[in-house]
């Protein structure tokens, strides 16, 4: 596994690569003990795409991703990738999209465990009323990301 750090509008981000696919984006500078610090071509490309996203020049990421979770979590994370830039959906709608509209809490937990923040846009999921609820990086980051996307003109 390789790790690289990226400066962003949110502070330091940690990028993780495994088998030539991005497997993690974490907030802060957090180097796992089992990772080798190296700016691989993929991690360099991820840094470029993140910079373009924060500069409002990129509206969809194009990076190979790999998930490590339960089958349900992976369904949720793959469904998150289908939410377009600037759009939001409710946890209930996301639950319906993965096949069980009553699984709002399970969807929320899967969202919270999203290993590739920002790129897998769990920030685009809000409460049924439209209220911002829960975000592993903190609600202020979720609010910032949604503002960035909804005010890109």
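Read the figures in this text as sums done on the coordinates, not as results from a lab. Because the structure is a prediction, the values reported are computed rather than measured. So basically every Cβ, Gly included, is an ideal-geometry build from the backbone, and we count neighbours across all protein chains shown.
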For the stretch 99-144, fraction of C-alpha pairs farther apart than 13 Å, in %: 55
Among rounded, prolate and oblate, which fits the stretch 61-144 when a ≥ b ≥ c are the square roots of the eigenvalues of its C-alpha gyration tensor, a/c under 1.5 means rounded, and a/b larger than b/c means prolate? rounded
So for the chain, considering every pair of alpha-carbon atoms, how many percent are separated by more than 18 Å? 56
Gain on full stretching of the segment that runs from residue 7 to residue 139 - 0.36 nm per residue minus C-alpha separation: 45.5 nm
Extension length gain for residue 29 and residue 74 (0.36 nm per residue less Cα distance), in nm, is 13.7 nm
I need the shape label for the stretch 8-80. Rule: rounded when a/c is under 1.5, else prolate if a/b > b/c, else oblate, with a, b, c from the alpha carbon gyration tensor. oblate
Most mobile of 50, 25, 37 in a GNM of the chain (Cα contacts under 10 Å): 37
State, as an integer percentage, the relative contact order of the stretch 1-87 based on alpha-carbon contacts under 8 Å between residues 6 or more apart. 26
Least to most buried among 40, 14, 70 (fewest other Cβ within 10 Å first): 70, 40, 14
